[in-house]
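The values are calculated or read from the model by the stated rules, or taken from the named source; none is laboratory data. Note that the structure is a prediction, hence the values are computed from the model and not measured. With ideal geometry, Cβ positions are generated from the backbone for all residues, glycine too; neighbour counts draw on all protein chains shown. Remember, those area values only see protein heavy atoms, side chains included, never the ligands or the DNA or RNA. Shrake-Rupley method; radii C 1.70, N 1.55, O 1.52, S 1.80 Å.
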Amino acid sequence: MQYFTRKIGLIGGPLSFLLILFFFKSEGLSHEATGVMAVTSWMAIWWITEAIPIAATALLPIVLFPVTGAMEMGSTTASYGHKYVFLYLGGFMLAAAIEKWNVHRRIALNIIQIVGTDTSRIILGFMVATAFLSMWISNTATSVMMLPIGMAIISQFKQTSDREVVKSFGKALMLSIAYSASIGGIATLIGTPPNLVLAGVVKEYYGTEISFSQWMAFGLPLSCVMLYICWKYLTRFAFDIGKTTMTGGMEEIRNLKLSLGAPGKDEKRVLIVFIVTALLWIFRSFVEKIIPGIDDTSIAMIAGLSLFLIPSSKKWEPLIDWQDTVRIPWGIILLFGGGMALAEGFKVTGLASWIGSQITLFHGVSLLVFLLILVTTVNFLTEITSNLATTAMLLPILVPIAASMDVHPYYLLISATIAASCAFMLPVATPPNAVIFGSGYIRIPDMIKAGIWLNAISIILITILVYFFMPLIWSLD
């Protein structure tokens, strides 16, 4: 089925491009704007069907924008060097150092140890640890790191507990890792790629910067509320795991900690860089008064470069070298650049304005109802498409829709961005879902049964918090 879908997409993408480019005509739509629309159609089909790797699809504007006359080559490629690309790159460098020196494992094990040993609290510990790490490290890397710890706990549990209890506990624990990786990413600007796509689109269209601390003021409370609800849902409703105390569970955690040994100099140095970077991001408004011109991107690059300068305990070697950056997901960076190129094309060719002038369907629909429709649509669309590709496609379109509805654009843009990170039903929806599916403890029916209700909960929660809470936090009109 997937092979057939890819074949259809492989043909459908270029075909839609040609049909729009040569046959779609509309009053007020320039040739350049038609070119951007045609390229967007091709990219959307290839992203949805994954006809070729989605990062490779993101390179299409470099070829097609100049060919169609939509944008010049220099303007197109400049989008791939957007400032937020380097913010993400700096974050990836920091994540590489954290993973290299096992700082993340020590943080996770300490959090789990603090929480306790009954099954419900163990799951809470895993969720808090996973969500916290996912705020700073990629969701995929976080879930990959937490998976073996979770599997070790389940193996220990098998020795002392009833088989059915272990089975339910195993499913709940695996899903808790995947879900909290996605939920934790919402909390910070670098936590998940769609957040940075949003920041880039806002910067391109409105010249306004969403700072790290500004995003956290809304993203962190939202993430905490969702995490608590998810924990209660998994342990009380989705899986009835009760409050069984896990014999030997804490001993297993202690053994895992002992295997790490005492914190070394390198771990401590990386942890210092991490803490200082996080504090600089959070309190940047105060730092700017001392160092004018500094922003979130420059802080990220200072952190990344410092890791190449600070010596490790190994002679003549820094905390990270260039070989360590091989693990950085460069494909995500290219995908982000492609999304920024699309956003720039929508703006400079007037396509965004044209779309806004054509939209009459939602006139008269209340904002609350529209947000509910939007969040639901994006939530389920992201079950079958990359969340980064989804936001890259949709956000430039939502800009003119917000203008036509005469509402603050943040309502629409942020609703779609957060909804894209809340796909909980299928293994293909997000990398964390795929990671835990590979554990063997969870099946697709289990994921759908648990995930569909969590999807519904997240849709209602996002709609309510964006409509009522966000304007208070950000003082929106």
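To the nearest ten degrees, helix 387-405 and the longest principal axis of the Cα atoms of the chain are 50 degrees apart. Computed over the chain, the per-residue total of -39500 (n - 2.57) for DSSP H runs of n ≥ 4 gives a 222 nm mean residue ellipticity of -23000 deg cm²/dmol, rounded to 500.
For the range 205-318, the tally of Lys pairs with Cα-Cα distances below 16 Å comes to 5, considering only residues 8 or more apart or on different chains. Between the listed residues SER138, PHE4, PHE157, the Cα displaced farthest toward the positive end of the dipole of the chain, a dipole computed from Cβ unit charges relative to the Cα centre, is found at PHE157. Listed by chain and number, the aspartates and glutamates whose C-alpha is less than 13 Å from the C-alpha of LYS171, apart from same-chain residues fewer than 8 away, are ASP240, ASP446.
A Cα-only calculation for the range 159-219 places Rg and Dmax at 18.5, 59 Å. The alpha carbons of the range 80-127 stretch over 49, 21, 11 Å along the principal axes, in descending order.
For the chain, the longest principal axis of the C-alpha atoms and the axis of helix 103-115 are separated by about 60°.
Under a no-solvent Debye model with one identical scatterer per Cα of the range 102-231, what's log10 I(q)/I(0) at q = 0.10, 0.20, 0.22, 0.23 Å⁻¹? Here log10 of I(q) over I(0) equals -0.35, -1.06, -1.22, -1.30.
Rounding to the nearest 10 and keeping the result within 0 to 90°, find how far the Cα-based axis of helix 31-49 lies from the longest principal axis of the chain. Compared with the principal axis, the helix lies near 30 degrees. Here the chain exposes an accessible surface that is 67 percent carbon and sulfur, computed with a 1.4 Å probe and the other protein chains kept in place. The amide H of ASP118, built 1.01 Å from its N in the peptide plane, has MET246 as neighbours under 5 Å, considering only residues 5 or more places off or on other chains. In angstrom, the C-alpha Rg and Dmax of the chain are 22.9, 73. Taking Cα centre as origin and charging only the Cβ of basic (Lys, Arg, +1) and acidic (Asp, Glu, -1) residues, the dipole magnitude of the chain rounds to 1260 debye.
Per residue, the accessible area of the range 372-454 comes to 32 Å² when a 1.4 Å probe rolls over the protein heavy atoms. Per residue, the solvent-accessible area of the range 178-223 (1.4 Å probe, heavy atoms of protein chains only, all protein chains present) comes to 17 Å². Comparing HIS104, HIS31, TRP42 along the charge dipole axis of the range 1-140, the residue lying farthest to the positive side is HIS104, per the Cβ-charge model. In this structure, the amide hydrogen of ILE310, modeled 1.01 Å from its nitrogen in the peptide plane, lies closer than 5 angstrom to those of LEU319, counting only residues at least 5 positions away or on a different chain. When the Cα positions of SER223, LEU196, LEU472 are compared along the charge dipole of the chain, SER223 comes out farthest toward the positive end, with charges on each C-beta of Lys, Arg, Asp and Glu. Its Cα centre serving as origin, the range 173-299 has a Cβ charge dipole (Lys and Arg +1, Asp and Glu -1) of approximately 360 debye.
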